[in-house]
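Reviewing the structure listed below.
Derivation of every value follows stated rules applied to the coordinates shown; laboratory data play no part. Given the structure is predicted, the values throughout are model-derived calculations rather than measurements. Using ideal geometry, Cβ is built from the backbone for each residue, glycine included, and neighbour counts are taken over all protein chains shown.
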Amino acid sequence: MAVERTLSIIKPDATRRNLTGKIIAKFEDAGLRVIASRRMRLSQADAEAFYGVHRERPFFADLVKFMISGPVVVQVLEGEGAIAKNREVMGATNPANAAPGTIRKEFAESIEANSVHGSDAPETAANEIKFFFRDLDIVS
Ligand code: CMP
């Protein structure tokens, strides 16, 4: 399987509960490597642009409000089949449907406050990584 890169965000519900380390351990245990990382606060414009694809969805305004409600940790993860592997480790978007042992099953509070975001496809991953990181910031 090819080595890929994917964008991960540890969301405000998780940083608020000091779960950053526990979440990163799940990625590392699955064979994913953190090759870039930044703790930051998203502005309203950042969050609206990042989630632009969801602009017409009924949950968009609340999602943006939630994503700017506290710090996030944005990261690039690298590994074999990293995009699918990260999604497997995260679990289903709605924690009620997430498999045992996944991040969302163990930590998510709701479908909105679901602790982590991960890119869903190669093109999205490339665009989302570029949204947050310069090539110089990524060290594998
Ligand atoms: P994420 O993987 O970051 O992508 C979009 C986010 O929208 C999703 O995780 C959830 O946090 C949030 N969201 C809120 N409500 C819904 C919903 N009904 N369906 C899908 N995503 C939702």
Residue 96 and residue 2 label points (each 7 Å along its Cα→Cβ direction) are spaced in nm at 3.7
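At a Förster distance of 25 Å, what's the computed FRET efficiency of residue 135 paired with residue 16, Cβ-Cβ distance as r, to 0.05?
It comes to 0.20.
What is the magnitude of the charge dipole of region 1-49 about its Cα centre, with +1 placed on the Cβ of each Lys and Arg, -1 on the Cβ of each Asp and Glu, and no other charges, expressed in debye to the nearest 20?
About 240 debye.
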Net dipole in debye of the chain [+1 Lys, Arg Cβ; -1 Asp, Glu Cβ; about Cα centre; nearest 20]:
380
Share of Cα-Cα pairs in region 20-72 beyond 17 Å, in percent?
50
Other-chain or far-sequence residues with amide H under 5 Å of residue 19's (modelled H):
none
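Find how much the distance from residue 69 to residue 111 grows on full extension, using 0.36 nm per residue of separation minus their present alpha carbon separation; answer in nm with one decimal.
Result: 13.5 nm gained on full extension.
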Along Cα→Cβ, 7 Å out, is where each label goes; now give me the distance between the ones at residue 41 and residue 56 in nm to one decimal.
3.4
Across 5 Å bins from 0, what is the distribution of all Cα-Cα pair distances for region 15-130, in whole percents?
2, 11, 20, 25, 25, 14, 3, 0
